[in-house]
Amino acid sequence: MSRVSKPYDPKQIEKKWQGIWDVEKAFAATDDYSKPKYYALVEFPYPSGQGLHVGHPRPYTALDIVARKRRMQGYNVLYPMGWDAFGLPTENYAIKNKIHPKVVTENNVKHFKDQLHSLGYSFDWDREVNTTDPTYYKWTQWIFLKLFQAGLAYKSEMPINWCTSCKVGLANEEVVNGVCERCGSPVVRKVKSQWMLKITDYAEKLLEGLKDVDYIEKVKTSQINWIGRSEGAEVEFSLKDKEDKLVVYTTRPDTLFGATYMVVSPEHPYIEKYKDEIRNWDEIMAYREMAARKSDFERTELAKEKTGVQIDGLSAIDPVNGKEIPIWISDYVLMSYGTGAIMAVPAHDERDWEFAKKFGLPIIQVVDGENVDVQEAAFTDVATGKMVNSGFLDGMEVAEAKRAIIDWLAEQSVGHRKVNYKLRDWVFSRQRYWGEPIPIVQCEKCGYVPLSESELPLELPEVDSYMPTDNGESPLAAMTDWVNTTCPCCGGPAKRETDTMPQWAGSSWYFLRYTDPHNDQALASQEALDYWLPVDWYNGGMEHTTLHLLYSRFWHRFLYDNQVVPCPEPYQKRTSHGMILGENGEKMSKSRGNVVNPDDIVAEYGADTLRTYEMFIGAFDLSASWSAEGVRGCRRFLDRVWKLQDMLTEEEGYSDKLETKLHQTIKKVSQDYEALKYNTAIAAMMALINDFYKENQVTRGEYKTLLTLLNPVAPHMTEELWEMLGFGGRLYQTSWPEYEEAKTVEKKVEIAVQINGKTKATVGIDIEADKDFVLAAAKEALGDKLAGNIVKEIYVPGRIVNFVVK
RNA sequence: GCGGAUGUGGCGGAAUGGCAGACGCAUCAGACUCAAAAUCUGACGGGGGCGACCUCGUGCGGGUUCAAGUCCCGCCAUCCGCACCA
């Protein structure tokens, strides 16, 4: 009892246990497929030159807790880690410092791995993957070939950001306020032929698949909105005195009688086609050039002043009433959504209304409602309005009118029902060096020809310069002896594709590789895929909710359709973590000077403290600000757990006084670990040890339970205590503690006694007490305060009594 | 603009519609110490009262309910993403 423990020394303890776990291969997933499996996954990091950020350990610790708990519950757990190592920053660093990106990557990976290792994660390091490893990207290329063969990869003219001074293509991120980040010169959109993946063919399947998975609601909503399914109609407007039709997509075909003009995107092909008949060509070209300088985001901003130019020389005919209406160009219409042309109904669409007001175009009301004046504001309510000025639609409700007009359009062969998606095809080409080569050659005779599987991996050649060439081609284009090859089809001369794949490629299937990472015959064996898939729990950042999550679901679904993987959806459950901000509540960044390095925290307080703090910092799915004081508080908690050994008694069971509390804590911690509520789980353990301190004693049974519950959060110190105190075996191999529901219930409770909902007294009762007894006790407790007529008596067992008094 | 979220003490944050502020931090007081640190114990939303107590209080304005931080309607403010950063 009076023994004084040696001080808690995380540095020595953590190193010791990390070594033991490595030697014992404590956390290796086994290939014993008869055991129940659990696949926990966190997004693998991009190994940047800055090293680990304190944001990384948040999700890694959270799922480490789940993985460790599952192992203690008898599961065969797969909790892997790897490197998403292709990418722009590495390439830019390599260019600047004249070091091969492969070397930069190797160094960064080593640094990251050391850092992660020092945090004691239970990753199965034997299954580490790296997207830049040719034995890995062989299969990335293999999947691309499958997509190509299925007709889902195609070439298309797409705009890239083009720096007018550097003469290179830029990523969106490298364009700041319309100018090049490096040199400050204007950036324009330049059209280039690029590889595209037809993710739009999978829009419906990707939407459907969401019904069967357990994603947190906001993630599901984001995916649904990103896919952006809408139902409407495609309508053909004839060009006056021309054969061609101008096709528009609209969700409001019911308002066709109100169309007073049309707007096409400045890039619309008809502008070129009818060049000779356009009388204000110079004006049109000037506008187009201006639009090319803006991003889609800037172009479609509603708040901004509308701009546009009427095409002088072309006009359209409204199919419902034969009226001739003018055609304008404006930058808020994008070629990438719908058909690149819209019919404008200013009376019932806000953007059209603003445009019409600015340029004095007519506004014709076709839906009527109460107190509606379309000259004052657009009327967009579809639920209550009735059709007017619309010929045969007059008097119908909007929904009814939609159906009627679509039927009519179909009868007249000038339109049809159409489902449209906001989702756009995936631009899969990058004019960069540090990415997977696209395994395609272009032959003059045979066109685009895929390499055969036996030629994979197509490795990146060594080049002298990683700079993109000044004609917008990838650096690979300068490697003539690599580029010039023979056609696998006809044996004639051919050229290799010089664009590389985007970083998204490698990360779209990495979770499959973890199941069987060393397989050289397939991306993974059928048995491994059948056993491990789907991923049971995948956690990642909100910033990956739309792109990465959707891209990887797309690839997975495609592989399922091709019988490569056993299930249609890759992830059974998806959660998201919040960001960790600086002490000042702002995003951590070098320029703000508020960056915290996890290494410093480990050195000063230990990995267990860092892990505990990051879990305690706040609600897991919300952003939270760093607090140096808060870190110290968590270290103090661990110190208090450590010093409990001085209060240890010989008893193996729970003390009578704390038995209920122990059962409650086991229940609370077990449930909270599953529900992303790590902060309240830790709070519950803090409250428990506060009770031990009050009693100034802890039994062996109680201490064992506490150490087991805390082990997933603070694995090193709990394992050390377990060994020191001779609790037997390894803590990581111990089973998870059980609780009895009946023993979590407090026998005596204090309940609130209210009058008209305001608490006036409290009364201690036995939980078993019946209603009449409790009401009587409550009345007694209130005494004189209970005056007037009791209208109603409410008793919520174990909670509250409320008297409604008049 | 489109989409997603958030708003509770001095601070981070707890609260299946049922006693708002668990747990932690900071602060203050006490114990220990020659002293400090560390540690242990206690107090800790605002206003009022010597006091058992009273009263106000969860961004703002309404509403539903015996009872609202929680549900509904309307605002305000802040943060994040937007397809070539990952």
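The values are calculated or read from the model by the stated rules, or taken from the named source; none is laboratory data. Everything numeric in this text was worked out from a predicted model, so none of it was measured. Here the Cβ is made from the backbone with ideal geometry for all residues, glycine too, and neighbour counts use every protein chain on show. Note: areas computed on protein heavy atoms with side chains; ligands, DNA, RNA excluded. Shrake-Rupley method; radii C 1.70, N 1.55, O 1.52, S 1.80 Å.
Below are the figures for this structure:
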| read-out | value |
| --- | --- |
| Cα lying deepest toward the dipole's positive end in region A:670-806, options A:Leu676, A:Leu725, A:Gln754, charges on Cβ | A:Gln754 |
| Rg in Å to one decimal, and Dmax rounded to a whole Å, for region A:37-177 via C-alpha atoms | 18.9, 61 |
| Rel. contact order, % - alpha carbon contacts under 8 angstrom, at least six apart, chain A | 14 |
| Net lengthening on full extension, A:Lys245/A:Asp481 (0.36 nm per residue, minus Cα-Cα) | 80.2 nm |
| Estimated FRET transfer efficiency (A:Thr546, A:Glu283; beta-carbon r; R0 45 Å; 0.05) | 0.75 |
| Rounded to the nearest 10 Å², the accessible area of A:Arg430 at probe 1.4 Å | 80 |
| Leading residue at positive end of dipole, chain A (Cβ point charges), from A:Leu638, A:Thr515, A:Val374 | A:Leu638 |
| Using alpha-carbon coordinates, inclination of helix A:607-616 to the longest axis of chain A, degrees | 70 |
| Region A:91-153 and region A:730-806: distance between their alpha carbon centers, rounded to Å | 59 |
| A:Tyr39 long-range amide H proximity, modeled H, under 5 Å | A:Leu78, A:Asp536, A:Trp537 |
| Nonlocal amide H pairs with A:Asn130, under 5 Å, H built at 1.01 Å | A:Trp83 |
| Per-pair calculated FRET efficiency, R0 = 60 Å: A:Glu746 and A:Ser452 via Cβ, rounded to 0.05 | 0.25 |
| Residues of type lysines that A:Lys495 reaches as a straight line, Cα spacing below 16 Å, ignoring anything fewer than 8 places off in the same chain | A:Lys155, A:Lys445 |
| For region A:348-476, convex hull volume per residue from C-alpha positions, Å³ | 274 |
| Trypsin sites (Lys or Arg not before Pro) within region A:714-799: DSSP coil, no more than 16 neighbouring Cβ in 10 Å | A:Arg730, A:Lys747, A:Arg799 |
| Percent breakdown of C-alpha pair distances by 10 Å bin, ordered from the shortest bin, for region A:142-252 | 11, 19, 29, 31, 9, 0 |
| Partner aspartates and glutamates for A:Lys102 [C-alpha distance under 19 Å; skip if fewer than 8 residues away on the same chain] | A:Asp84, A:Glu91, A:Asp114, A:Glu128, A:Asp133, A:Glu436, A:Glu459, A:Glu462, A:Asp464, A:Asp499 |
| Estimated dipole of region A:190-302 in Debye, rounded to 20 [Cβ of Lys and Arg +1, of Asp and Glu -1, Cα centre] | 300 |
| Per-residue ³J(HN,Hα) for region A:122-128, Karplus 6.51 cos²θ - 1.76 cosθ + 1.60, θ = phi - 60°, Hz, x for Gly and Pro | 8, 5, 8, 5, 5, 10, 3 |
| Only Lys, Arg (+1) and Asp, Glu (-1) charged, at Cβ; region A:411-496 dipole about Cα centre in debye | 620 |
| Per DSSP, loop trypsin sites (Lys or Arg not before Pro) in region A:648-708 with at most 12 further Cβ within 10 Å | A:Lys657 |
| Hull-based mean projected area of region A:629-704, where the convex hull spans the alpha carbons, in square nanometres | 5.1 |
| HN-Hα J in Hz across region A:489-497 - Karplus 6.51, -1.76, 1.60, θ = phi - 60°, x for Gly and Pro | 8, 10, x, x, x, 8, 10, 6, 4 |
| Per-selection Kirkwood Rh - region A:1-88 (Cα, Å, 1 d.p.) | 15.9 |
| For A:Gly395, net neighbour charge (Lys/Arg +1, Asp/Glu -1) across residues whose Cβ lies under 13 Å away | -4 |
| Distant-in-sequence amide H partners of A:Ala494 (H built 1.01 Å from N, under 5 Å) | A:Thr485, A:Thr486, A:Cys487 |
| Solvent exposure ordering (accessible area, 1.4 Å, most first) of A:Asp639, A:Asp352, A:Asp481 | A:Asp481, A:Asp639, A:Asp352 |
| Gain in span if fully extended, A:Lys323 to A:Asp368, counting 0.36 nm per residue against the direct Cα distance | 14.0 nm |
| Lysines whose Cα lies under 28 Å from that of A:Lys242, excluding same-chain neighbours fewer than 8 positions away | A:Lys273, A:Lys275, A:Lys323, A:Lys418 |
| Segment A:Asp32-A:Ser336, extension gain: residue separation times 0.36 nm, minus the distance between their alpha carbons | 104.5 nm |
| Ratio Rg/Rh [Cα only; Rh per Kirkwood] for region A:395-550 | 1.15 |
| Where labels lie 7 Å past Cα in the beta-carbon direction, separation of A:Glu629 and A:Lys785 in nm | 3.5 |
| Share of Cα-Cα pairs in region A:315-405 lying beyond 14 Å, as whole percent | 69 |
| Computed E for A:Ala150/A:Thr680 - FRET, C-beta separation, R0 45 angstrom, nearest 0.05 | 0.40 |
| Where labels lie 7 Å past Cα in the beta-carbon direction, separation of A:Thr469 and A:Lys792 in nm | 8.1 |
| Once the Cα gyration tensor of region A:76-148 is diagonalised, semi-axes √(5λ) in Å | 23, 22, 8 |
| Pairwise Cα inverse-distance average, inverted: Kirkwood Rh of region A:463-532 (Å) | 15.3 |
| Restraint check, A:Lys587/A:Lys667; A:Lys146/A:Lys205; A:Lys667/A:Lys748; A:Lys16/A:Lys113, Cα-Cα greater than 24 Å | A:Lys587/A:Lys667 |
| 5 Å-binned pair-distance histogram of region A:691-732 (Cα, whole percent) | 5, 25, 31, 22, 14, 3, 0 |
| Accessible area expressed per residue, chain A, with surrounding protein chains retained (probe 1.4 Å, Å²) | 44 |
| Rg(Cα) / (2.2 N^0.38 Å) computed for region A:613-666, rounded to two decimals | 1.57 |
| In nm, spacing of pseudo-spin labels at A:Arg182 and A:Glu397 (7 Å Cα→C-beta vector) | 6.0 |
| Sequence of A:Ser452, A:Ser48, A:Ser413, A:Ser265 from largest to smallest accessible area, 1.4 Å probe | A:Ser413, A:Ser452, A:Ser48, A:Ser265 |
| All Cα pairs of chain A, percent lying beyond 45 Å | 44 |
| Amide N proximity, region A:656-697 versus A:Thr734 label position 7 Å along Cα-to-Cβ, cut-off under 12 Å | none |
| Region A:404-453 - Debye-derived log10 I(q)/I(0), Cα point model, q = 0.17 Å⁻¹ | -0.72 |
